[in-house]
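All remarks here apply to the structure that follows.
No value in this document is a laboratory result; all are computed from the given coordinates. From a predicted model like this one, the values you see are computed outputs, not experimental measurements. Neighbour counts are summed over all protein chains in view; Cβ atoms, including those assigned to glycine, are modelled from backbone coordinates with ideal geometry.
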Amino acid sequence: MSGHGAMDPGGALAVLREHRASGDVVVTSMGSAREWMAMGPPDPLDFVFVPSSMGQAPSLALGIALAQPARRVFACNGDGSMLMNLGALVTISAESPRNLVLIVFENGVYEVTGAQPTPGSARGRPDRRGVHFAEIARACGWTSVFRYRELEEWRNAASESIGAVGPVFIALEVAPVPGAVGPKSPGPTVERARKFREALRQTNR
């Protein structure tokens, strides 16, 4: 669900960047990967999932969080991608990793394929009542659930919500990016995977 006044996705990700600590892993895909890479050189612990299997960022983040319980792991997922893998919400709540933060960027469209309305958006439903992902997360057993529409609200609350007992679900209402295209791979997949593995080893806390 998205509308007038929704925050800029780049600004929303910049807030996450400000609160990211050394050793934190950030998993991005689709639109979030494009915006994240535009902010500067990747951190060794950035898992930029491009090209991506749509909807798999939360599952990848779950695996990393379970394998690295002393390390905080962020997953940045679009609402269209979340619809592709709603079952991940149940799996994550069942595993209950305290170090996982899932951030869903709700813009109401499949942005990188032409901005078609998602079936979860108000424009994509006959009754014009958009789906509330935060409520879906609660119904799936998540207890630390937050939702923000304004950038300043998200900025002011980020420290508290990110620091809540995990797993943490955060829904951000963001505006679509006009003319957006899909993200391009930052480099050979095998080499990036090797560097990510080495970074996990070197910074293991």
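Between GLU191 and VAL165, the FRET efficiency from the beta-carbon distance, with R0 = 35 Å, is close to 0.45. Projection of the Cα convex hull of the range 9-202, averaged over all directions and equal to a quarter of that hull's surface, yields 10.3 nm². Calculated mean residue ellipticity at 222 nm for the chain: -11000 deg cm²/dmol, from DSSP H runs with n ≥ 4 weighted as -39500 (n - 2.57), summed, divided by the residue count and rounded to 500.
Listed from fewest to most Cβ neighbours within 10 Å, the set VAL112, VAL25 follows the order VAL112, VAL25.
Counting pairs of alpha carbon atoms under 8 Å apart in space and at least six apart in sequence, what relative contact order in percent does the range 9-202 give? Please report the intermediate quantities before stating the final value.
Values: 342 pairs, mean separation 47.7, N = 194.
Once normalised by length, the contact order is 25 percent.
Among the trypsin sites (Lys or Arg not before Pro) within the range 145-204, those in coil by DSSP and having at most 11 neighbouring Cβ atoms inside 10 Å are LYS184. For the options SER161, SER121, SER185, a Gaussian network treatment of the chain with springs between C-alpha atoms closer than 10 Å singles out SER185 as fluctuating the most.
Determine the gain in length on full extension of the stretch ARG201-ALA38; use 0.36 nm per residue of separation and subtract their C-alpha separation, reporting nm with one decimal. Don't jump to the answer; show the numbers that get you there.
Numbers: separation 163, 0.36 × 163 = 58.68 nm, distance 2.64 nm.
Length gained, ARG201 through ALA38: 56.0 nm.
I'd like the antiparallel share, as a percent to the nearest 5, of DSSP beta bridges with both residues in the chain. Each step should come with its number before you reach the end.
Values: 2 of 28 bridges.
Counting DSSP beta bridges with both partners in the chain, the antiparallel share is about 5 percent.
Extending 7 Å from Cα along the Cβ direction at SER53 and again at ALA14 yields two label points whose distance is 3.5 nm.
Please rank ASP79, ASP46, ASP8, ASP127, fewest neighbouring Cβ atoms within 10 Å first, as an exposure proxy.
So the residues, fewest neighbours to most, are ASP127, ASP8, ASP46, ASP79.
Each of ARG128 and ALA115 was given a label point 7 Å from its Cα along the Cα-to-Cβ line. The distance between the two points is 2.0 nm.
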